[in-house]
Every structure is written in structure tokens, then in C-alpha cells.
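Inspection log for the structure reproduced underneath, given as C-alpha cells.
The values are calculated or read from the model by the stated rules, or taken from the named source; none is laboratory data. Only a predicted model underlies this, so the values are computations on that prediction, with no experimental measurement involved. Every residue, glycine as well, gets a Cβ built from its backbone with ideal geometry; the counts of neighbours run over all protein chains shown.
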Amino acid sequence: MKKLFLTLSIMAIMMSAGAQEIKWMKMNDAMAAAQETPKKIFIDVYTEWCGWCKRMDRSTFSNPVIAQYINDNFYPVKLDAETRDTINFKGYQFTYKSGPNGKGGMNYFAYAILNGKTSFPSYVILNEEQNLVTVVKGYHEADKFEPILHFYAEDAYKTTEWDTYRAEFKSKLK
């Protein structure tokens, strides 16, 4: 009976360790947290209708190594580009604007942080002062996304060329 209990306990611990999830925040909450304790902000800009966005959630973002790294190194934000919420950023209020004939609208904050080049999914990294560091576009498997996260979280982009960094990167994925 003790062996069974021990085995079940170990399995429960292993399952909970593998169930790491990204602790997504709203943009306004992430900015408030960054004011109190400075940290980079990682923004997943998506839309409800985007199939590749959903695939990124199911595969890459559900990977426990990726999830843990994002949680540890960023304030992670899940931003629906079509949100009707007002986003306050650096003294400006960004609101939703309907497209022609009331269709295809977007929140101006998503438009602004993507530099007007809206494709989904896109990932925006802001530094500790909430200035734009980079925009990464498209779907990425976990093994391709991991070095991107490290490159920016560790400020390697300031001193190292991407190709050099990627060639020398040691993955933590199993």
C-alpha cells in the first residue's frame, strides 16, 4: 500500500510539473506590474479567428519549458487585436476603431505596436522601460521559439548577431 501511495504521489508531482501554464495578463495589469517591479513585457497579439494563433497556444505556449521561461522572464500579455477595451499606454488611450462598413476593426494599440503591419500571430517584446525591442511574426514550433525568447530576455540582441546566438544556443527542451 505504501508503494502504491508513493507511486501515485510521484506521478501527481510529475503531472503538475508538466502542467506549467503561462500566466497571461491584461496589458494594463502588466504595465502596472512593470512599474512596481521592472521586467520585460511579452505580448502575444492574436485574434479569435486566427488558426495559427490557436495552434501556437496548443503547441508552443503549452510546452512547459516555454511556459516556465515566459513566466520567469516576462510579464506575459495575451492581447486580442480586436479588443474593445481601452488600453492606456505611455499617456495615450488606445481604443477600438471599426473598419469600413463596421467590419474588420482593430484596437489602435495592436496596430501601433505592430508598426501598422498587422499579421497574426505576432509577438511583441517591450523592455523594462516599456519601449519596443522587437516584433516577431508567425507561428513557431517550441524548438524554434525557445532561442528567440532567450535572445531577447537575456539582452543578447544588444551584443550578438542572431545567427551566431542561434548556432550556439543550448536548448532546455527535452
* Asked: Condition test on Thr95, is it farther than 20 Å from Lys137 by Cα, under 22 Å from the mean Cα position of the chain (by Cα) and without any contact (Cβ under 8 Å) to a residue 12 or more places away in the chain?
  -> no
* To do: Looking only at segment 120-167, count how many residues are hydrophobic (A, V, I, L, M, F, W, C) and over 24 Å from Ala34 (Cα atoms).
  => 4
* Inter-residue pairs, beta-carbon under 9 Å, first farther than 23 Å from Glu129 by Cα and in segment 150-171, second modelled with pLDDT of 95 or more and assigned to a loop (DSSP other than H, G, I, E, B), 6+ apart -> Glu168/Thr160
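Hey, can you tell me all the residues within segment 119-128 that are in contact (Cβ under 8 Å) with a residue 60 or more places away in the chain and either over 18 Å from Glu82 (Cβ atoms) or among the hydroxyl-bearing types (Ser, Thr, Tyr) (or both)?
Ser122, Tyr123, Ile125, Leu126, Asn127, Glu128
A quick yes/no check of all residues on (1) under 18 Å from His140 (Cβ atoms); (2) touching a residue at least 24 places away in the same chain (Cβ under 8 Å); (3) not aromatic (Phe, Trp, Tyr):
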{"site": "Thr37", "(1), (2), (3)": "no, no, yes"}
{"site": "Thr47", "(1), (2), (3)": "yes, yes, yes"}
{"site": "Gly51", "(1), (2), (3)": "yes, no, yes"}
{"site": "Ser62", "(1), (2), (3)": "yes, yes, yes"}
{"site": "Val65", "(1), (2), (3)": "yes, yes, yes"}
{"site": "Tyr69", "(1), (2), (3)": "yes, yes, no"}
{"site": "Pro76", "(1), (2), (3)": "yes, yes, yes"}
{"site": "Asp80", "(1), (2), (3)": "no, yes, yes"}
{"site": "Lys90", "(1), (2), (3)": "no, yes, yes"}
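Of the residues that sit in segment 14-27 and are surrounded by fewer than 14 Cβ atoms within 10 Å (Cβ to Cβ) and at pLDDT below 95, which one is farthest from Asp57 (Cα to Cα)?
Only one residue fits best here, namely Met14.
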* To do: Could you grab me the full set of residues in segment 127-174 that are out of contact with any helix residue (DSSP H, G or I) (no Cβ under 7 Å at 6 or more places or on another chain), over 14 Å from Phe61 (Cα atoms) and of a type in the set (Lys, Arg)?
  => Lys137, Lys158, Lys170, Lys174
* Among (1) of a type outside the set (Lys, Arg); (2) surrounded by fewer than 12 Cβ atoms within 10 Å (Cβ to Cβ); (3) closer than 19 Å to Val124 by Cβ, where does Ser171 come up short? -> (3)
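May I ask you to list the residues in segment 35-81 that are assigned to a loop (DSSP other than H, G, I, E, B), under 18 Å from Thr118 (Cβ atoms) and touching a strand residue (DSSP E or B) at 6+ places or on another chain (Cβ under 6 Å)? Step through it out loud before you land on a result.
So in segment 35-81, the residues assigned to a loop (DSSP other than H, G, I, E, B) come out as 37-39, 47-50, 59-63, 81.
Still in the list and also under 18 Å from Thr118 (Cβ atoms): 47-50, 81.
Answer for segment 35-81, where residues must be assigned to a loop (DSSP other than H, G, I, E, B), under 18 Å from Thr118 (Cβ atoms) and touching a strand residue (DSSP E or B) at 6+ places or on another chain (Cβ under 6 Å): just Ala81.
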